[in-house]
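The structure appears right after this line, and notes come after that.
The values are calculated or read from the model by the stated rules, or taken from the named source; none is laboratory data. All of these numbers come straight from a predicted model, not from anything done at the bench. Heads up, the Cβs are rebuilt from the backbone with ideal geometry, glycines too, and the neighbour counts pull from every protein chain shown. For accessibility, only protein heavy atoms count, side chains too; no ligands or nucleic acids. Shrake-Rupley method; radii C 1.70, N 1.55, O 1.52, S 1.80 Å.
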Amino acid sequence: MPVELYHLIAFLISVTVVLWTIPDVKTVGLKFGIVDRPNARKIHKDPVVRVGGVSIFAGTIVALLIVWRLGAFTTIPASKQLEVGSMICGSILFFCIGFADDLLSLTPISRLIMQITVASGCWLTGVKIDFLSVPFDGLIHLSWLSLPITVIWLVGMANAINWIDGVDGLAAGVSGIAAVVMLIVTLFMKQPAAALIAASLAGAALGFLRYNFNPAQIFMGDGGAYFMGFTLAG
């Protein structure tokens, strides 16, 4: 099977899963009161389910599992498969942190400690920034600075996407566009694993926009925002 076909399959599966599951997520969220209630600082007039990130998470992970099963990752060296697996596990854990916050309202410091712990674990397994490219000065190898810079990048991106999730369609739109750009760039750079992840995330984000445009029918919540931010950063 042509490599490019795997990316199309991942994108289409992700979109399909998101569009298929959101109505059920909305029903469950309303039933259990997992909603963002209107107030003077918010533009929506009715309670809106705030765990749409479940569909984004499911769409991305299901797409990756299916293309993995189809053999999309078999051409990747074993060492790189470890890094891919570590990044996917990290994104799952970031989703769990955000989803727990959606349900239980965790304290900011507890969320930050868990995020730093997960990001540090990913660094240990190879998901790291080893050098920086400086215009007109070549590459700067980071040595021991690799760990703090990698953690700041991974945690910072996850929280950045969460912070912009205050306007209907903004976080999903920005993440979807970023994922499409990453897909194109990684394909040109011959990074098939990164391209597959980008394709899956792009499908999930753009599929979610169907229900997240103003007026939003569902919000992604911290779970979805942390998941997309970490995955893009990784």
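With a requirement of 1 or more residues that are open to solvent by 10 Å² or more (accessible area, probe 1.4 Å) and either touching a Pro at 6+ places or on another chain (Cβ under 8 Å) or farther than 30 Å from Val35 by Cβ (or both), the helices (runs of 4 or more DSSP H) lying completely within region 131-234 that satisfy it span 146-163, 170-188, 192-212. What pairs come up if the first residue lies in region 211-223 and is closer than 19 Å to Asn159 by Cα, the second is among the aromatic types (Phe, Trp, Tyr) and modelled with pLDDT of 85 or more, and their beta carbons are under 8 Å apart, counting only those six or more places apart or on different chains? Between residues of region 211-223 that are closer than 19 Å to Asn159 by Cα and residues that are among the aromatic types (Phe, Trp, Tyr) and modelled with pLDDT of 85 or more, the close pairs are Met220/Phe208; Gly221/Phe99; Asp222/Phe99; Gly223/Phe57; Gly223/Phe95; Gly223/Phe99.
Considering region 93-110, the residues that are among the hydrophobic types (A, V, I, L, M, F, W, C) and open to solvent by less than 50 Å² (accessible area, probe 1.4 Å) include one that is farthest from Ile197 (Cα to Cα), namely Leu106.
Here Gly138 passes the criteria (1) among the small types (Gly, Ala, Ser); (2) closer than 19 Å to Gly229 by Cβ; (3) free of Cβ contacts under 8 Å to residues at least 60 places away in the same chain except the one numbered (2).
Which residue out of Tyr211, Tyr226 is of a type in the set (Ser, Thr, Tyr) and under 27 Å from Pro108 (Cβ atoms)? None of the other options fit; the residue is Tyr226.
Among the conditions (1) at positive phi; (2) open to solvent by 70 Å² or more (accessible area, probe 1.4 Å); (3) not acidic (Asp, Glu), Gly71 misses just one, which is (2).
List the number of the failed condition for Ile197; all other conditions in (1) in contact with a Ser or Thr (Cβ under 6 Å, 6 or more places away or on another chain); (2) touching a residue at least 40 places away in the same chain (Cβ under 8 Å); (3) not basic (Lys, Arg) hold. Unmet condition: (1). From Trp163, Trp153, grab the single residue that is modelled with pLDDT of 95 or more, over 12 Å from the mean Cα position of the chain (by Cα) and over 16 Å from Gly59 (Cβ atoms). Unique residue meeting the criteria: Trp153.
Does Leu124 satisfy the condition of being modelled with pLDDT under 95 and open to solvent by 80 Å² or more (accessible area, probe 1.4 Å)? So Leu124 passes the test. In region 39-50, the count of residues that are in contact with a Gly (Cβ under 7 Å, 6 or more places away or on another chain), part of a loop (DSSP other than H, G, I, E, B) and open to solvent by 50 Å² or more (accessible area, probe 1.4 Å) is one or more. Number of residues in region 113-130 that are hydroxyl-bearing (Ser, Thr, Tyr) and in a loop (DSSP other than H, G, I, E, B): the value is 1. Residues of region 165-209 that are of a type in the set (Ser, Thr, Tyr) and within 11 Å of Leu232 (Cβ to Cβ): Ser175 alone. Do we have any residue at all in region 58-77 that's touching a strand residue (DSSP E or B) at 6+ places or on another chain (Cβ under 9 Å) and either at pLDDT 85 or above or part of a loop (DSSP other than H, G, I, E, B) (or both)? Among the residues of region 58-77, not one is touching a strand residue (DSSP E or B) at 6+ places or on another chain (Cβ under 9 Å) and either at pLDDT 85 or above or part of a loop (DSSP other than H, G, I, E, B) (or both), which makes the answer no.
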